[in-house]
Amino acid sequence: MSPGLKIREWLETFGVIAVFASLVFVGLELRQSSEIATDASLSTSADITASIEELVLDHPDVWLRGCGGETLEATEKLIFTHLFQVYAFQYFMMYMRSDMVVAKSSKDISVDNIAINIHRNPGFARAWDDLAIWRSYAAEAEGNDFRSWRHRVDERLAYWERAEPEPLEMPERCGLL
């Protein structure tokens with residue numbers, strides 16, 4: 001075997017090892033990036049949840065009466081409708097983000113949270129139906145995302161109606177899972 005051939009074999013072996021090492025490095029970088037994205041997503045979600053809770057606590061009487069299905073004055077209905085929309089939008093966005101690797105488990109949480117609150121709170125159910133009516137004009141523009149989410153929530157609602165024929169009455173838990 002010639003010395004040139006031996007050097008070439010060593011260089012090829014070194015090249016294979018270098019390629020393998022760089023692939024391992026890229027894998028580690030991807031995992032670290034995924035962890036950073038997951039942390040950022042959780043932090044953002046926690047911040048949004050805290051903001052919504054703050055809004056609800058600014059108007060607890062309206063939120064509790066609205067969730068309970070009581071008749072609200074025009075300004076109270078406006079406040080409750082907006083609180084509900086912010087709340088529902090948060091869970092819709094959680095549903096949308098769940099298709100990303102960083103938030104896979106949140107799809108079921110977003111669906112179940114809305115469904116159980118519709119089941120247990122008559123005003124919440126009415127606001128859910130009003131939202132569907134109000135948003136129906138945008139159904140085509142939004143594609144299937146909103147309709148898909150609504151369909152999944154309605155399926156889960158049917159489960160809760162069978163599992164809990166007499167909904168729990170805990171108005172202080174309205175909006176919580």
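The values are calculated or read from the model by the stated rules, or taken from the named source; none is laboratory data. Because the structure is predicted, anything quoted here is derived from the model rather than measured. All Cβ positions, glycine included, derive from the backbone under ideal geometry; neighbour counts span all protein chains shown. These area figures cover heavy atoms from the full protein model, side chains too; ligands, DNA and RNA do not enter into them. Shrake-Rupley method; radii C 1.70, N 1.55, O 1.52, S 1.80 Å.
Tabulated data
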{"quantity": "Matching residues, the stretch 23-47, being open to solvent by 70 Å² or more (accessible area, probe 1.4 Å), modelled with pLDDT of 70 or more and closer than 28 Å to LEU83 by Cβ", "calculated": "ASP47"}
{"quantity": "Within the stretch 66-98, considering residues that are more than 21 Å from MET170 (Cα to Cα) and touching a Phe, Trp or Tyr at 6+ places or on another chain (Cβ under 6 Å), the one least open to solvent (accessible area, probe 1.4 Å)", "calculated": "TYR95"}
